[in-house]
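Participant: Here's a structure for you.
The values are calculated or read from the model by the stated rules, or taken from the named source; none is laboratory data. Just so we're clear, the structure is a prediction, and the values are computed from it rather than from any experiment. Cβ coordinates were reconstructed from backbone atoms using ideal geometry, including for glycine residues, and neighbour counts include every protein chain displayed.
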Amino acid sequence: MSDSHRGGWRPWGLEGRLVVTIVAVVALIFATVSIATGAILGSILQSNLDNEVTEATAKALRTVHDAPQVAAGTEDAAALLASGPFEPGFLMVIESAFGSVTGGYIDAAGTVTTLEDSQVDQIVQQLIQPGEGGPVREITIDGVGTYRMVALGGGSFAIASGLPVSQVTATLAQIATTVALLTAGGLVLLGLAVTVIVRRSLRPLRVVADTAERVASVPMAEGEVSIADRVPASETDERTEIGRVGHALNTLLDHVDASLEARQRNEERMRRFVADASHELRTPLASIRGYSELSLRDPELSETTESALSRIQAQSLRMTRLVEDLLLLARLDEGQELVYGVVDLTQLAVEALGDAQVAGPEHVWLLEVDEEPVTVPGDSARLQQVVVNMLANARTHTPAGTEVTLSVGRENSPTEGGTKTDAAVIRVHDNGPGIEPAIADELFERFSRADRSRARQTGGTGLGLSIARAIVHAHHGEITVESRPGDTTFTVRLPLPTHADRSDPATGAVQ
């Protein structure tokens, strides 16, 4: 698992990625177009402003030339601005033939303001500096602002005038604000529209995913399995990409369903074969065992013949146990061989442990049971077979002196009203060498052996634990194993009856 998943970060789905990608691409396009449009528009507005400055300066030059102050040699920029037809924002600097320089400007309210000498010097210094961009220059004046200005000569005097750049800046700012608001609104509408369109377009894909999830949750390991879920026909149009996926999934499910049916038929056929073969083998095996026992009673048998007959009898007994186990498994798979009644697991454990103590006196046997008897509905003989099998397994596969504990009790699970007893639990624990991890997962499979992990002392068919699992499953319970060196526990959980279904273990009557 990646670090981002550990931190709780959830990756985006296809729908989110598509919406974000489309909106981001469109936003990038809008931003690029807006920047390019602003640059072009700014260039056009500045060019227009320069033309206005040139025209206004030429007009001002004519106006100043005809003014009586100039004829009298008393040029004053502020006085000329106040007397002439100049627009708000216009700035003018006049240099007379005698070298005097004066300046003034008209503010937005139409008031004429005289420029200070330092401001006039600042304008003159920037105008005489070499620069690029033609005759119109951009001049920054402290306390006044930035102007586009041009200088012209008028005979006995020179004039420099200009208009503020703030007009262009305000226009560009207004345009930029308008474009930004329209772009933001457009992106919001685009996001909503794209979300709706993408969501509707991906709806068939969600239907396919939901179908796949339902099918994935169906247990297919064993038993009769039928896959009924399919992608609706409306979402399997092969003319669309998602429709092709839906159609392919339906085709795959059809093949899987057919394969599962074929597997089930083969399993049923194999079970019938095993059951029939086991049943038919019982008679000849019984005959072999009977004739061998009869022959062994002949006092005239030679030692070699007696040994051979003994081996025949022993192998016939082993073969009989194997056939009986296979027949039992086949019948359990078919739901047969169970005779239900009320089973006292506490009494069953006491009897099974007593038999185990006799069979394995070299082991230490312990019993742990509740004070109250634990009863479940089931087949007493078969459940006893499960407990005897687990105890025999612990005895057979552990060395002498191993401590084996058989416990019977109840498990509680929390409910809305408190706690509720819901399962009877049988555990067989030993402190032996443990089960090899490589075979732990296959321990309950048929013909599975634990020879590689535990000392094996007697022969067996390898069907004991698989029979135990089949019996427990037939009782709607489960059997599990947890093992590590010095700590191995087999656990059987059986459902307890509800209060209305509980019976008196002594009489079998329903309470």
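Participant: Identify the single condition in (1) of a type outside the set (D, E, K, R); (2) closer than 30 Å to Thr146 by Cα; (3) assigned to a helix (DSSP H, G or I) that Gly162 does not satisfy, given that it satisfies every other one.
Facilitator: Single failed check for Gly162: (3).
Let's see how each residue does on (1) in contact with a Leu (Cβ under 8 Å, 6 or more places away or on another chain); (2) closer than 21 Å to Ala39 by Cα:
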{"residue": "Thr114", "(1), (2)": "no, no"}
{"residue": "Pro135", "(1), (2)": "no, no"}
{"residue": "Leu152", "(1), (2)": "yes, no"}
{"residue": "Gly162", "(1), (2)": "yes, no"}
{"residue": "Ser166", "(1), (2)": "no, yes"}
{"residue": "Thr169", "(1), (2)": "no, yes"}
{"residue": "Leu182", "(1), (2)": "no, yes"}
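Participant: I'd like to verify a number: residues in region 488-508 that are of a type outside the set (A, V, I, L, M) and at pLDDT 85 or above, how many?
Facilitator: So the answer is 6.
Participant: Inspect all residues belonging to region 88-95 and state whether any of them is on the phi > 0 side of the Ramachandran plot and either out of contact with any Phe, Trp or Tyr (no Cβ under 8 Å at 6 or more places or on another chain) or free of Cβ contacts under 8 Å to residues at least 12 places away in the same chain (or both).
Facilitator: Within region 88-95 (the criterion being on the phi > 0 side of the Ramachandran plot and either out of contact with any Phe, Trp or Tyr (no Cβ under 8 Å at 6 or more places or on another chain) or free of Cβ contacts under 8 Å to residues at least 12 places away in the same chain (or both)), the answer is no, since none of the residues qualifies.
Participant: Quick one: which residue in Ile123, Ile94, Ile139, Ile106 is surrounded by 12 or more Cβ atoms within 10 Å (Cβ to Cβ) and either outside the structural domain of Ala56 (by TED's automatic domain parsing) or touching an Asp or Glu at 6+ places or on another chain (Cβ under 6 Å) (or both)?
Facilitator: Testing whether each residue is surrounded by 12 or more Cβ atoms within 10 Å (Cβ to Cβ) and either outside the structural domain of Ala56 (by TED's automatic domain parsing) or touching an Asp or Glu at 6+ places or on another chain (Cβ under 6 Å) (or both) leaves just Ile94.
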